[in-house]
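As structure tokens, the structure follows; a few thoughts come after it.
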Amino acid sequence: MTNPEVLKSRPEWQTIDDIKLKRVFEYDPDFSNAIEIYATEEEAESEAKKELIRNNWWLRPEWQEKGNPQEQIDITAGDYKLSIFNFGQPLEQIRLNELENIIKNFQKFGLQEILEKVKYILINNQGKINPNNGEEQLGEGVCGKDPSITIFNKALENTGHRVKGASNFEGTIMHELSHQINPEIFRKWIQKFWHQLDEARPLSDTPNSGSWFDPNDSEKCITDYAKLLPNEDLCDSMVAAIKNPDALNPEKLKFIRNNILRETESKMQEISIIRKTGQDTQIPKLGTDINYKNSGSFDIQIL
């Protein structure tokens, strides 16, 4: 739990206790905009708080305990806005150039819908072990409705990404953004390039780390990491399709070009980058009054 004295010295950080929750019903005018939860009457408000914490990174203790970020980088491209909160060492100019190129590439290939699902990039000053392969993790994608992705120390090393043609930083961000590809397209990817197993195969020594799918042909996977899970296969393949298409299996490249990438003739939006450091950084906040609606608990029937 976050130390209250630490938070007291940083009044700019909002906590869940700063938010007043109100339950609304169908006849209330704000019902359609209220956050939806599924819980018993007794647990409703508690679950609403958990939902807010899950979907708003600044309410989570693991970020609050880090203190103010070293820098905030605000990027705008037309109506799209992205804020980077860096809790580690200040980014080199080459990383800012790479961020700009990522946005240009996503605009070029008509991937604005993916970009718009991510509002924040959080650069963690600590590492994390990836349970899928037992190695240091590069990044972590959006979970549920949380519009943030996390980049770990490993991704800032001046080495190439596992997908040749991209830097570690560039490849990691493109990979994590690609986790936002439409679920229907992802299902088609599985149907074409993977098959379902009768029982889960272990991915690493980590308990409960497994996959119910196996690639139809592992040699068609662009990296060893892509062989682990179909979603990681698609995301690494996306990096290759944009940065090094000749290295990607022709079938997978054709699938991505037919279903995901599309050259757009619309005018490229001018990109603006503003950098803030130290006390000039501004942590996001929600309104202090939040409405929620309770759709009831899930009923589990044992037949």
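A few points about this structure:
- Restricting attention to segment 130-177, the residues that are of a type in the set (A, V, I, L, M) and touching a residue at least 40 places away in the same chain (Cβ under 8 Å) add up to 6.
- Residues of segment 20-74 that are β-branched (V, I, T) and loosely packed, with under 14 Cβ neighbours inside 10 Å: T40 alone.
- Scan segment 143-173 for residues that are closer than 18 Å to N130 by Cα, in a helix (DSSP H, G or I) and touching an Asp or Glu at 6+ places or on another chain (Cβ under 7 Å) and the total you get is 3.
- Meets criteria (part of a strand (DSSP E or B), of a type in the set (D, E) and surrounded by fewer than 22 Cβ atoms within 10 Å (Cβ to Cβ)) for D205: no
- Neighbours by Cβ (under 6 Å, 6+ apart or cross-chain): first from segment 85-104, closer than 10 Å to I123 by Cβ; second basic (K, R): F87/K66
- Considering residues of segment 213-264 that are in a loop (DSSP other than H, G, I, E, B), acidic (D, E) and at pLDDT 95 or above only, the residue farthest from L99 (Cα to Cα): D217
- Condition check for E176: touching a strand residue (DSSP E or B) at 6+ places or on another chain (Cβ under 9 Å), part of a helix (DSSP H, G or I) and acidic (D, E): yes
The values are calculated or read from the model by the stated rules, or taken from the named source; none is laboratory data. Predicted model, so just to flag it, every value in this text is computed and none were measured. When we count neighbours, we look across all protein chains shown, and the Cβ atoms used for this are built from the backbone with ideal geometry, even at glycine.
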